Amino acid sequence: MAISNLLEIGKRSLLANQSAMNTTAGNITNANTPGYSRRRVDISNISVQLSSLQSIGIGVEADTFYRIRMQTIDARIWQETPRLGQFETDERVLNQVEGVLGVNTDGSLSSVLSDFWDSWNELANDPESQTARRIVADKGALVGSTLNNLHRNFSDMRNQVSSEIDATVDSLNRMVSQLESINREMINGANPDLEDQRDLLIGSISKLIEVDVDIEDSGVVNLRTDGLTLVSGTESTELETTVVTDGDKQRMTIGFEGHEFTPRIASGELGSLLNAYNRRMPDYIKSLDTIAGKLVSAVNDQHESGYNLDGISGISFFDPENVSAGNISISSEVNNDPSLIATRSSATGVGNNDIAMNILALEQRQLANDKTIGDYFGNLLTEIGSRLDESRLNLNSQTLVTGQLENQRDSVSGVSLDEELTKMVQYEQAYQASTRVIRTVEEMMDTLMSIV
Amino acid sequence: MRVTQMMMMRNSLERLNRRTSNISRLQDIISTGKEIEKPSDDPVRFSRAERMNRMLQRNERFQSTIDRASGWIDSTDLGLQQLSEITADAIEVAQRASDGTIEGEVLESLRKKVEAMIEDALSIANSDYVGKSLFAGTDTGLSEPFTLNSGVVSYTGNDDVIRREFSDNLFAAINITGQEILDTQLFQELTSLEAALAAGDKATIQASIDSMKTVQDNFSGLTATIGSVKKSMTLAEDRLAAAKLNLQEFISDEEDADMVEAIIKFESEQTAYQAALRVTSEVSQMNILQYL
């Protein structure tokens, strides 16, 4: 065996250790890169077979370049993240709803309604008074404008949710088409960077919508949601939002271009937003409409049958045309001249207050779905509160679950600086040792040369 | 388990986050003094407190009704007493006039006295409480429900009652109508006494003493009626005041924070947070680089 072979071994060793050092450096710089999986280089011995019984080591080489990843944990994470996205969005939307209802503050609907009944009580105690009538008109107008405001806020919120749905679908489509182009490159051969990107994208998508993930051996990914294909090989489908008008109600659905079938999207951020737009917001608005409608008809029924100070009857207190939360208001007659407010059932006797008392008694009447208006609104508040409370609890536990899984993933795929730095020292020493080998060979050669 | 940088960071942030959100909640509770402010703080307790708040407002409404009614009832009561006193004075006059020796100028002066009494009684019957006629039924805008025309007093108000609700389903009529005043025969007896005095008709004068006593009895009846309204009102008022205290206590139980508990919790959270910050900063500085 020639001495020059030794030089070759030294060179190979330098190269192998340099390559390992490269990998380590890459791991260190990417320690905080989202979606990065640590890489590992396998270093192996190379030898030549001298005879059937004898082989001789001729050095080392850095061969396969691994991306360390556990697919089973990824699959679990992708299953759990849709629920995380859903609960996060639920919590955010409901928080806004609760904020809008302005609970326990002076301008809240509860307190405005209570002031309204108070003003009728004052009028019943002083049915001759113009001042008390002025106050009743003011408080009635305030009930109207408070319901109008709530209605507008809810509608605004619903519109905001609708544009969020559009934006979410847009970014979903963008990510899906990115996955498609990754698939295209994968066909030419997988590489760790592409795989990291692919997994990161699947993770982001699964936060928006529930997906079935199928990764082929080649690294190509197929994605489906509710049985419909989003990405398959080098083909992808775009989702689109459609607003369906059903009577006076509007629903938003998400489907595929050219397909009749609309997938059921129950979880993920998109599921939560759709639920808010299609069910929750309309329900809340409907409840407000019920309060407005029942209040208008019940108060007007009494008021129209009553006589005012001038002995005139048949005047509406609330505008009978406007029976929804969006437009409820006191009638223009009462607005222009509060003295038209009626308090009595007969034209004689301005001290008679039976109509005012009847209107006050409406507070205790079960006008809205077998509940008093106060109870009905209280129930709405409690329902929203319990939903919010529930989504907070869900969010907490889901954060724990996904956090745990992410920890498991990082435990395998994540970069540990201590580990990498230790390896760096190890490779550095091996590198130094290899240079020593080369120098020793040089000295050996010098010795040989000096003989000549 | 292999522990990596990302894991350490995620876990530390998560733990610190949980501490700060606990602290912020406790800060809310301590600075507002309320544990339940929004429905989501505790839906069940919120809904109980909300219902009780509405009951409390209703309770306060009844109290305000009672406040307003009591002035009216007191004025009515006073009016009835004054009318009853006039009746007593009239009896005295009739007794003096029925003495056989009294005649001429003295009789005339007694007649004038009765004439003045009629004026007084009229003005009392026409009296008002903050601008509302007390004895005109519901026709409270009438400034003079009683008028005197050529020796006859007539009533132009109505016979309707003025009703108030003192507490749940406890309704009461708080007025005495003009007709009830007329029915006491006060004005009829006074005018006939005056006529008898003018005519020197001793027999009629004598007879009016007894009828005046009946008038007085009638007034006692009316005073008793208004007295019983006042009584039931006072009872309702006491009940409402007691209920109000109870409700306020219940609401406070549901909504208000237990300050001692909140502050102790806050301090322990604070300690835990500081410890967490400390350990996080120590751990994040620990690194093999320090030893290489």
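The values are calculated or read from the model by the stated rules, or taken from the named source; none is laboratory data. These numbers were taken from a predicted model, which means no experiment stands behind them. Heads up, the Cβs are rebuilt from the backbone with ideal geometry, glycines too, and the neighbour counts pull from every protein chain shown. All accessible areas refer to the heavy atoms of the entire protein, side chains included, with ligands and DNA or RNA removed. Shrake-Rupley method; radii C 1.70, N 1.55, O 1.52, S 1.80 Å.
Some observations on this one:
- Between B:A116 and A:Q366, the FRET efficiency estimated from the beta carbon spacing at R0 = 51 angstrom works out to 0.30.
- Using all pairs of distinct alpha-carbon atoms, the Kirkwood hydrodynamic radius of segment B:1-149 works out to 23.2 angstrom.
- Calculated on alpha-carbon atoms, Rg and Dmax of segment A:308-452 in Å: 43.9, 144
- Spin-label zone in segment A:331-356 - amide nitrogen under 15 Å from a point set 7 Å from the Cα of A:D310 along the C-beta vector: A:332-343
- Protein-only accessible surface order, largest first, of A:K11, B:K38 at 1.4 Å: A:K11, B:K38
- Cβ neighbours within 10 Å from other chains - mean over B:8-18: 2
- Within straight-line reach of A:K423, meaning a Cα separation under 27 Å, sit the following lysines at least 8 residues removed in sequence or on another chain: A:K11.
- Counting only other chain Cβ atoms within 10 Å of each residue's Cβ, the peptide A:408-415 averages 5.
- Gained length - A:E443 relative to A:N5, 0.36 nm times residue gap less alpha-carbon distance: 156.2 nm
- Volume per residue of the convex hull around the Cα atoms, evaluated for chain B, comes out as 174 Å³.
- For chain A, the relative contact order comes to 23 percent (Cα pairs under 8 Å, sequence separation of at least 6).
- Under-5 Å amide H pairs with B:A136, H placed in peptide plane, nonlocal only: B:G178
- Against the empirical 2.2 N^0.38 Å (N residues), segment B:70-158 has a Cα radius of gyration ratio of 1.29.
- Ratio Rg/Rh, restricted to segment B:218-258 and using Cα atoms, in which Rh is the Kirkwood radius: 1.42
- Rounded to the nearest 100, the interface formed by chains A and B buries 4100 square angstrom of accessible surface, both chains summed, with a 1.4 Å probe.
- Gyration tensor (alpha-carbon) shape descriptor, segment A:1-99, a/c threshold 1.5: oblate
- Taking only the C-alpha atoms of segment A:91-142, Rg followed by Dmax gives 15.0, 51 Å.
- Global geometry of segment A:291-371, whether rounded, prolate or oblate, following the gyration tensor of its Cα atoms and the 1.5 cut on a/c: oblate
- Projecting label points 7 angstrom from Cα along Cα→Cβ for A:L53 and A:S450 puts them 3.9 nm apart.
- Secondary-structure-derived ellipticity at 222 nm for chain A, considering helices only, amounts to -21000 deg cm²/dmol, per-run term -39500 (n - 2.57) for DSSP H runs with n ≥ 4.
- For segment A:193-239 versus segment A:152-191, the gap between their alpha-carbon centres in whole angstrom: 12 Å
- Simple label model, 7 Å out from Cα along Cβ direction - A:R174 to B:E85, nm: 9.1 nm
- Helix B:43-98 vs. chain B, principal-axis angle (Cα, 0 to 90°, nearest 10): 20 degrees
- Charged-residue dipole, Cβ positions (Lys, Arg, Asp, Glu), segment A:251-319 about Cα centre, Debye nearest 20: 380 debye
- Only Lys, Arg (+1) and Asp, Glu (-1) charged, at Cβ; chain B dipole about Cα centre in debye: 2360 debye
- For segment A:191-252, fraction of C-alpha pairs farther apart than 14 Å, in %: 65 percent
- The helix-only estimate of mean residue ellipticity at 222 nm for chain B, built from DSSP H runs of length n ≥ 4 each weighted as -39500 (n - 2.57), is -25500 deg cm²/dmol after division by the residue total.
- Two tests apply to each whole DSSP H helix in chain A, Cα reach of 20 Å or more along its axis and mean Kyte-Doolittle hydropathy of at least -1.0, and the ones passing both are A:3-29, A:71-100, A:109-125, A:130-187, A:192-208, A:281-305, A:373-413, A:417-451.
- Close amide-amide hydrogen proximity is noted between A:I330 and A:D319, each under 5 Å apart and 5 or more residues distant or on a separate chain (H modeled in the peptide plane; Pro and chain starts excluded).
- Rounded to the nearest 10 degrees, the inclination of helix B:5-32 to the longest alpha-carbon principal axis of chain B is 20 degrees.
- Taken about its Cα centre, segment A:95-179 carries a charge dipole of about 260 debye when Lys and Arg each add +1 at the Cβ and Asp and Glu each add -1 at the Cβ.
- Cα gyration tensor, segment B:173-272 - rounded (a/c under 1.5), prolate or oblate: prolate
- For segment A:229-287, the solvent-accessible area with a 1.4 angstrom probe is 54 square angstrom per residue.
- Evaluated at q = 0.17 Å⁻¹: base-10 log I(q)/I(0), Debye formula over Cα of segment A:236-391: -1.01
- Amide H contacts of B:K34: B:A257, each under 5 Å away and 5 or more positions distant or on a separate chain (H built 1.01 Å from N in the peptide plane; Pro and chain starts excluded).
- Carbon/sulfur fraction of accessible area - the protein assembly as shown, other protein chains in place, 1.4 Å, %: 49 percent
- The ratio of the alpha-carbon radius of gyration of the protein assembly as shown to the globular-protein estimate 2.2 N^0.38 Å is 1.69.
- Per-residue shielding of B:61-67, expressed as the average number of other chain Cβ atoms within 10 Å of the residue Cβ, stands at 3.
- P(r) tail, segment B:2-88: Cα-Cα pairs separated by more than 15 Å, 78% of all pairs.
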